[in-house]
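To start, the structure itself, in structure tokens.
The values are calculated or read from the model by the stated rules, or taken from the named source; none is laboratory data. Computed from a predicted model, the values in this text were never measured in an experiment. No Cβ is skipped: glycine too gets one built from the backbone with ideal geometry, and neighbour counts run over all protein chains shown.
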Amino acid sequence: MNTTTDKPAKRSLLAADGVAAPLRHAVFRRIWLASLLSNLGLMINGVGAAWAMTQMTSSADMVALVQTALMLPIMLLSLAAGAIADMYDRRIVGLAALSLGLVGAVTLSVLAHFDAITPNSLLLFCFMIGSGMALFGPAWQASVSEQVPAETLPAAVALNGISYNIARSFGPALGGIIVAAAGAVAAFVCNVLLYIPLLIVLYLWRRTLEPSRLPPERLRRAVVSGVRYIVHSPSIRIVLYRTLVTGIAGGSVLALLPLVARDILHGSAQTYGIMLGCFGMGGVLGAVNISTVRARLSSEYAVRLCALAMGVAIGVLALSRWPVLSGAALVLAGIGWMMSVTLFNIGVQLATPRWVAGRALAAYQAAIAGGVAIGSWLWGHLANVVGVDNALLTAGAVMFVSPVLAIWLRMPSTDNANTDPIDALAEPEVNLLISSRSGPIVVEVEYRVNPDKARAFYTVMLQVQATRQRNGAYGWSIARDIADPEIWVERYHCPTWLDYLRQRNRSTQSERELHLKAIGFHLGPEPIKVHRLLERPLGSVRWKDETPDRSKESDASIAASGGSGV
């Protein structure tokens, strides 16, 4: 993607649908306002937890582990959470996730009230609250597309970032005041109370369910499907790699900021809250201006600029001994951080079809949270060895040089991606009695191609390979007939008949256009030949009449809908 392509059209779109456009939709507006309160509670809780840890121990790595405890569950549980979000009603998943976090918050409040909290128990219940966040995140983010039209989706993603950073702007300062006035227990209780509005709004949301013609995948299979989709989607892999690196380097700010406030600026809980507020205020400024940045710059150039700005800001934070200068550096770091993670988030959402949206967003969350968790642990240990200021200088240097990754991992363009599902195709012919568990199903597609166009056809088929594999095909191959060089045979298999039907359902408009491009190479008046074979391993054949009685077949046994056309 360059900085000039389709610029007038993009500017027009952004002007018509600015960052506030999604708030015109009542469901999104209610959930957004409730999530703002929930994020505010999480920020207040984070201040209380971090400051409580500084009061219980002087160890830099234990203080940094508070952020690790909150973020590590997102890295560990996100893929399973994403699969659950794609398999079940996202509203119900969100309610269950919030309930888990609420239980952790209530327990933490009770222990703090009775002065029974220890460093280990604090980390444990931070981990439990983080687990609720890990389960809630993919369901919440994947449901945004159900709350607003597609043209306002980027703005809705940015608004969700604004919600988090408004909370970050005011929550830490408020948390510092609450902790100073009434102790950490008051901060934990505030978090409990601010869970409630979001629980109520989700409970009252009457989500429109789109019935599936096929039963949901089992959890293990759904996780595998999500991983395979990501592995065979180069654009998503690149975004995740860049997200992970940004999280590792940028995680130094949140992990070491309590120590910056206490040891470098010689401040109190209020100082820590104000510094966090400056970072959050920068985040709000970054999110508000994300539409302008996307209109003027490509994703790659915007991410590079953000990384350079964050690198400089972290370096200034390490060297500054004046709260005003440190606060200004944190505003700049917040702008860079928010713009980066929003660009990564938008890149994943626009490149991912609905059937796997929860799992792709979960992978994104795992990348950012895993980066922060790993970074927090790394910078905390480094701070114990070389000091907080030197650890921050190292992190700033890593962030500053991270744009070099563009040599190998350039941010992809999603301007022309079309992830809408295709219309249903005709059902495949079935004259054998099979069930949803019958398999493996082997698919062979025979093309007749002009030998002069063999290289061009082969190049297109390599792109087709990626679409087949990320949608559920295994063992893909392409072969050429040595007796008749015009004949090419594409071959792949799916574990079961039901898996094959899912694979057909998953193709998007863009993928269908690619498949039609491959079919366009086919010569002759006859269409391409498609063979669907039920593989029969040795000893598996039952010697009886297998002519199907269609009156007894289940819908899943013979149903098929839109997909690859084969």
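What the table below lists for this structure:
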| quantity | calculated |
| --- | --- |
| Residues that are among the β-branched types (V, I, T) and in a helix (DSSP H, G or I), drawn from the stretch 42-98 | I44, V47, T54, V63, V66, T68, I74, I84, I92, V93 |
| Lone qualifier among A373, A366 - being of a type in the set (A, V, I, L, M, F, W, C), at pLDDT below 95 and within 30 Å of E151 (Cβ to Cβ) | A366 |
| The stretch 37-72: number of residues that are under 22 Å from the mean Cα position of the chain (by Cα) and either closer than 19 Å to Q365 by Cβ or not assigned by TED's automatic domain parsing to the domain that holds S109 (or both) | 10 |
| Condition check for H515: in contact with a Phe, Trp or Tyr (Cβ under 8 Å, 6 or more places away or on another chain) and either farther than 19 Å from P440 by Cα or modelled with pLDDT of 85 or more (or both) | no |
| Neighbours by Cβ (under 6 Å, 6+ apart or cross-chain): first from the stretch 432-450, among the hydroxyl-bearing types (S, T, Y); second surrounded by fewer than 19 Cβ atoms within 10 Å (Cβ to Cβ) and assigned to a loop (DSSP other than H, G, I, E, B) | Y447/I528 |
| Among the residues listed as A466, A424, the single one being touching a His at 6+ places or on another chain (Cβ under 7 Å), closer than 30 Å to I230 by Cβ, modelled with pLDDT under 95 and not charged (D, E, K, R) | A466 |
| Positions within the stretch 120-154 being within 17 Å of L361 (Cβ to Cβ) and among the aliphatic types (A, V, I, L, M), in sequence order | M133, A134, L135, A139, A142, V144, V148, A150, L153 |
| One residue from V293, V316 being of a type in the set (A, V, I, L, M), at pLDDT 90 or above and out of contact with any His (no Cβ under 9 Å at 6 or more places or on another chain) | V316 |
| Residue within the stretch 468-480 that is of a type in the set (A, V, I, L, M) and closer than 20 Å to D86 by Cβ present | yes |
| Which listed residue is among the charged types (D, E, K, R), at pLDDT 90 or above and part of a strand (DSSP E or B), from R455, R532 | R532 |
